[in-house]
Amino acid sequence: MVQAIGYAAPAADKELEYFEFERREPTAHDVEIEIAFCGVCHSDLHQARNEWGGTVFPCVPGHEIVGKVTRVGDKVTKFKVGDTVGVGCMVDSCGHCHSCHEGHEQYCDSGLVGTYNGPDKHSGGVTYGGYSNRITVTEGFVLKVSDKLDLAGVAPLLCAGITTYSPLRHWGVTKGTKVGVVGLGGLGHMAVKLAAAMGAEVVLFTTSANKVEDAKRLGAQHVVISKDPEAMAAWQNQLDFILNTVAAPHDLDAFLSLLRLDGTMCLVGIPAEPHPSPSAYNLVAKRRSLAGSLIGGIAETQEMLDFCAEHGITSDIELIAMDDINEAYERMLKGDVKYRFVIDLATLKQR
Ligand code: NAP
Ligand code: ZN
């Protein structure tokens with residue numbers, strides 16, 4: 001076994017703290033990675049506080065990982081020592097169900113193996129994530145990362161990037177599509193950048209008046225304060241597609257009514273408590289769809305990383321030290337993130 005250090009939540013109601021644990025020795029198909037940066041996703045907070053249920057403690061969160069390869073197993077062909085690589089939200093899947101065959105490993109019938117708090121077939125316990133100095137991952141779940149982009153800004157692409165890219169592609173967003181993005185946080189700001197790069201006309205809906213200028217800089221043509229009923233009314237029946245990234249329960253009808261005939265609103269936010277049920281009439285009246293989407297497959301994640309390298313897209317980040325993680329969670333809850341915290345793992349030291 002290999003000694004690893006990280007930060008873990010010891011219990012749902014406790015702050016994250018320094019934690020020592022073991023990673024497996026790389027097997028023939030494994031890639032060992034020294035982690036340089038790890039993004040801080042709202043899902044980390046949901047799970048560290050057991051808001052979705054099922055968190056096994058201690059829990060080492062983190063699924064927006066970039067770093068350098070330090071060792072590879074004998075059978076590894078895609079990577080060599082020194083390569084810059086990424087790991088996102090999953091580190092394994094069954095590999096033989098319909099979804100896995102189609103390259104949609106995130107929808108694996110047996111359930112994906114999460115990068116943290118997932119069932120670890122090697123240890124028999126749970127997986128530990130990227131708030132850590134190193135990780136060992138089977139090569140099929142490791143991504144190639146371009147050295148052209150700022151690495152700290154690349155880390156959030158591994159979750160926030162792919163989670164927004166995949167539904168934008170799935171629902172055919174292209175030049176001229178009118179796309180609404182709800183919430184300007186980690187996912188929302190990537191959705192704005194990516195939809196704009198795909199040529200869409202982007203309308204950003206925010207509860208925070210102080211984010212208007214940023215939204216425009218990031219690529220939104222229009223910004224609507226969603227708490228203002230008059231401003232919302234002006235967009236009734238206008239949008240082809242809405243990507244809703246909000247991490248808290250809210251009135252979905254306020255946004256569904258902005259879709260044109262046959263429009264779709266896709267939810268990616270996963271609040272701890274359910275949304276109030278939307279009105280059937282609002283869907284029926286314009287044959288609207290309400291949908292959801294989970295991250296993206298491995299091939300699609302590579303496609304997204306290549307798209308971002310080509311278009312020079314990274315996340316707008318605030319780099320933090322490992323010790324700052326608890327304060328970062330509190331700020332994330334207040335919507336006080338511009339627009340993703342990224343942990344500099346060089347600040348994590350053995351104690
Ligand atoms: P985040 O950075 O905290 O951003 C969420 C944004 O939602 C906030 O910045 C805020 O934007 C808005 N918001 C928050 N509370 C709100 C409220 N009470 N009412 C209205 N708007 C509110 O979070 P994130 O990392 O982007 O994650 C967003 C959600 O997606 C989380 O639930 C996370 O677990 C989930 N997620 C899902 C997937 C997936 O595969 N489906 C992947 C990753 C994350 P404004 O200030 O602009 O209003
Ligand atoms: Zn995430």
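Derivation of every value follows stated rules applied to the coordinates shown; laboratory data play no part. Bear in mind that the values here come from a model prediction, so they are computed numbers and not experimental data. Quick reminder, even Gly has a Cβ in these numbers, built from the backbone with ideal geometry, and neighbours come from all protein chains shown.
Within 10 Å, count the other beta carbons around each residue, average over each peptide in 96-105, 258-267, 188-197, and list them highest first. Before the final figure, lay out each step's value.
Working: 96-105: 15.2, 258-267: 19.1, 188-197: 27.2.
Sorting 96-105, 258-267, 188-197 by mean packing, highest first, produces 188-197, 258-267, 96-105.
Can you give me the long-range amide H partners of Arg134? Hydrogens built in the peptide plane at 1.01 Å from N, cutoff under 5 Å, separation of 5 or more residues or another chain. Amide H neighbours of Arg134, under 5 Å, 5+ apart: Ile5, Ile35. Is the shape of the range 20-112 rounded, prolate or oblate, going by the alpha carbon gyration tensor and its root eigenvalues a ≥ b ≥ c, with a/c under 1.5 for rounded and a/b larger than b/c for prolate? Here the range 20-112 falls in the oblate category.
Database remark: amide H of Phe341 closer than 5 angstrom to the amide H of Val40, Glu318 (H placed geometrically; neighbours at sequence offset of 5 or more, or on other chains; Pro and chain starts carry no H). With the Cα gyration tensor of the range 158-304 giving a ≥ b ≥ c as the square roots of its eigenvalues, does the rule (a/c under 1.5 for rounded; else a/b larger than b/c for prolate; else oblate) give rounded, prolate or oblate? Cα axes put the range 158-304 in the rounded bin.
Lys and Arg at +1, Asp and Glu at -1: add these up for the other residues within a Cβ distance under 14 Å of Val212 and post the number. My count for the surroundings of Val212 gives +2.
Each Lys and Arg contributes +1 and each Asp and Glu -1, all at the Cβ; summed about the Cα centre of the chain, the dipole is approximately 640 debye. Here's how it looks for Ser289: its modeled amide H is under 5 Å from those of Gly263, Thr264, Met265, which are all 5 or more places away or on a different chain.
Quick check: net charge around Ala196, other residues with Cβ under 14 Å of its Cβ, Lys/Arg +1 and Asp/Glu -1?
Working: positive: Lys175, Lys178, Lys193, Lys216, Arg217; negative: Glu201, Asp214, Asp316.
With Lys, Arg at +1 and Asp, Glu at -1, the neighbours total +2.
Straight Cα distances below 25 angstrom link Lys75 to the lysines Lys121, Lys144, with same-chain residues fewer than 8 positions distant left out.
State whether the range 58-161 is rounded, prolate or oblate according to the following rule on the C-alpha gyration tensor (a ≥ b ≥ c being the square roots of its eigenvalues): a/c under 1.5 gives rounded; otherwise a/b larger than b/c gives prolate, and the remaining case gives oblate. Taking the square roots of the gyration eigenvalues as a ≥ b ≥ c, the range 58-161 is rounded.
How large is the dipole of the range 20-128 about the Cα centre if only Lys and Arg carry +1 and Asp and Glu carry -1, each at its Cβ, rounded to the nearest 20 debye? Show your work: numbers first, answer last.
Details: 9 positive and 16 negative charges, 35 e Å.
Dipole of the range 20-128, to the nearest 20 debye: 160 debye.
Under 15 Å from the Cβ of Lys148, count the other residues' Cβ atoms, weight Lys and Arg +1, Asp and Glu -1, and hand me the total. So the environment of Lys148 carries a net charge of -4. Per-residue 3J(HN,Hα) values for the range 288-294, derived from phi via the Karplus relation 6.51 cos²θ - 1.76 cosθ + 1.60 with θ = phi - 60°, read 7, 10, 10, 10, x, 8, 10 Hz in sequence order (x marks Gly and Pro).
On a straight-distance basis, which lysines could pair with Lys338 in a cross-link, Cα separation under 23 angstrom, same-chain partners fewer than 8 positions away excluded? Cα-Cα hits under 23 Å: Lys148, Lys193, Lys211, Lys216, Lys227.
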